[in-house]
Amino acid sequence: DKAEQKKLVSEPSITADGKRVELAANIGTPDDMRGVLENGAEGIGLYRTEFLYMGRDSFPGEEEQFEAYRTVVEQMDGAPIVIRTLDIGGDKKLPYLDLPEELNPFLGFRALRLCLEKTDMFRTQLRALLRASHYGNLKIMFPMVATLEEFRAAKGLVEEEKKRLNAEGVSFDSQVSVGIMVEIPSTAVAAASFAKEVDFFSIGTNDLVQYTLAADRMSERVSHLYQPYHPAVLRLIKNVIDASHIEGKWTGMCGEMAGEETALPLLLGMGLDEFSMSATSILPARSLMRTLSVNDARALVERALVCGTADEVKELVYAETK
Ligand code: PEP
Ligand code: MG
């Protein structure tokens, strides 16, 4: 119950057989930090920076962004903070940014695709992030990566801004990690190639599920097809985790699935390193982790991967973990 869970607030996240995992929080603004600290998050797995850009009439400048990022980084006191670069477009619009009308905005000009064309805007954000990296354990993450070229181009801009900051004598973490969200099936399938070049993966199941099943995450009409537990989705997730481990990298998950009771044993069994969720899910997840064993979870995954349907997967998990 709630009171029992509250006692876990400063305990580590550990399974019944002693495996340590990281339970992190998703945030949208520095105001969300209160919930993060109250619920004992071990890191921030996703800071959605688009809110800094929304509800105003011009782009936030470098200084304003730097302050927002530094505030969060300093409050985490050395714990990891993954900050995602601008993920606008799709359902999220900016009044001061003229975007083309598209028939399928979720498959269109959004997120990193847009940042790689509007490079002045993107460089401003990268500089603010690099400067904030001096104050703690900040990691940079690109959303909606579909190809290796996109990652290389974005990473190239980071390297260029690092050189400029160096020349200007501005401090930043020269070892700052640069990773990607895995939320497009091409990237999940080709994870082995990406794993050689990125520092980490974070699986964005909210989008990965909609793209894998071709079921709009906003549409009521096809919500029955929006299936995080579809065996195809589970196989993609496992492929990403395995690919990262082969290269000595880590994989997190920052989609809604990472905080679901039914998903935890499956993700633990697949070897997920970091689970990032809304702050209020952290203590229930920590409490559940303490009842799970890695060996049982691995055996569960073996059986889940050969299920035919999402319902079979869920029934299997209920039957084995009750
Ligand atoms: C995701 O797609 O899973 C994700 C975390 O990003 P967002 O929900 O912001 O698209
Ligand atoms: Mg997404």
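Residues to consider are GLU42, GLU74, GLU62, GLU22; find the one that is in contact with a Lys or Arg (Cβ under 6 Å, 6 or more places away or on another chain) and either of a type in the set (D, E, K, R) or over 18 Å from HIS134 (Cβ atoms) (or both).
GLU62
Note on segment 42-115: enclosed helices (runs of 4 or more DSSP H) holding 1 or more residues that are more than 14 Å from GLY28 (Cβ to Cβ) are 62-75, 111-115.
To keep it simple, each residue is scored yes or no on (1) away from ligand 1 (no atom under 16 Å from the Cβ); (2) of a type in the set (A, V, I, L, M).
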{"position": "PHE59", "(1), (2)": "yes, no"}
{"position": "GLU64", "(1), (2)": "yes, no"}
{"position": "VAL72", "(1), (2)": "yes, yes"}
{"position": "GLY78", "(1), (2)": "yes, no"}
{"position": "ILE88", "(1), (2)": "no, yes"}
{"position": "ASP91", "(1), (2)": "no, no"}
{"position": "LEU94", "(1), (2)": "no, yes"}
{"position": "PRO100", "(1), (2)": "yes, no"}
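Looking only at residues in segment 300-322 that are at pLDDT 95 or above and β-branched (Val, Ile, Thr), the one that is surrounded by the fewest Cβ atoms within 10 Å (Cβ to Cβ) is VAL306. When the residues of segment 252-280 are filtered to those that are within 16 Å of ligand 1 (Cβ to nearest atom) and assigned to a helix (DSSP H, G or I), the one that is surrounded by the fewest Cβ atoms within 10 Å (Cβ to Cβ) is GLU256.
It is to be established whether one or more residues within segment 1-8 are outside any helix (DSSP H, G or I) and without any contact (Cβ under 8 Å) to a residue 60 or more places away in the chain.
Among the residues of segment 1-8, at least one is outside any helix (DSSP H, G or I) and without any contact (Cβ under 8 Å) to a residue 60 or more places away in the chain, which makes the answer yes.
When segment 157-195 is filtered for residues that are small (Gly, Ala, Ser) and within 16 Å of ligand 2 (Cβ to nearest atom), the ones remaining, listed by number, are GLY179, SER186, ALA188.
Residues of segment 66-102 that are within 16 Å of ligand 2 (Cβ to nearest atom), basic (Lys, Arg) and surrounded by 15 or more Cβ atoms within 10 Å (Cβ to Cβ): ARG84, LYS92.
Go through the residues of segment 142-152 one by one and say whether even a single one is within 17 Å of GLY28 (Cβ to Cβ) and crowded, with 24+ Cβ neighbours inside 10 Å. Yes, segment 142-152 has at least one match. Only helices (runs of 4 or more DSSP H) whose full extent lies in segment 122-241 are considered here, and the ones with at least 3 residues that are within 16 Å of ligand 1 (Cβ to nearest atom) are 185-189, 205-212.
Every condition in (1) modelled with pLDDT under 95; (2) of a type in the set (A, V, I, L, M, F, W, C); (3) more than 16 Å from ligand 2 (Cβ to nearest atom) is met by VAL198 except one, and the failing one is (1). Between ALA192, ALA215, the distinction of being free of Cβ contacts under 8 Å to residues at least 24 places away in the same chain, touching a helix residue (DSSP H, G or I) at 6+ places or on another chain (Cβ under 8 Å) and not charged (D, E, K, R) belongs to ALA215 only.
The values are calculated or read from the model by the stated rules, or taken from the named source; none is laboratory data. Keep in mind that this is a model prediction, so the values were computed, not measured. A quick note on method: Cβ atoms are made from the backbone with ideal geometry, for glycine too, and the neighbour counts reach across all protein chains shown.
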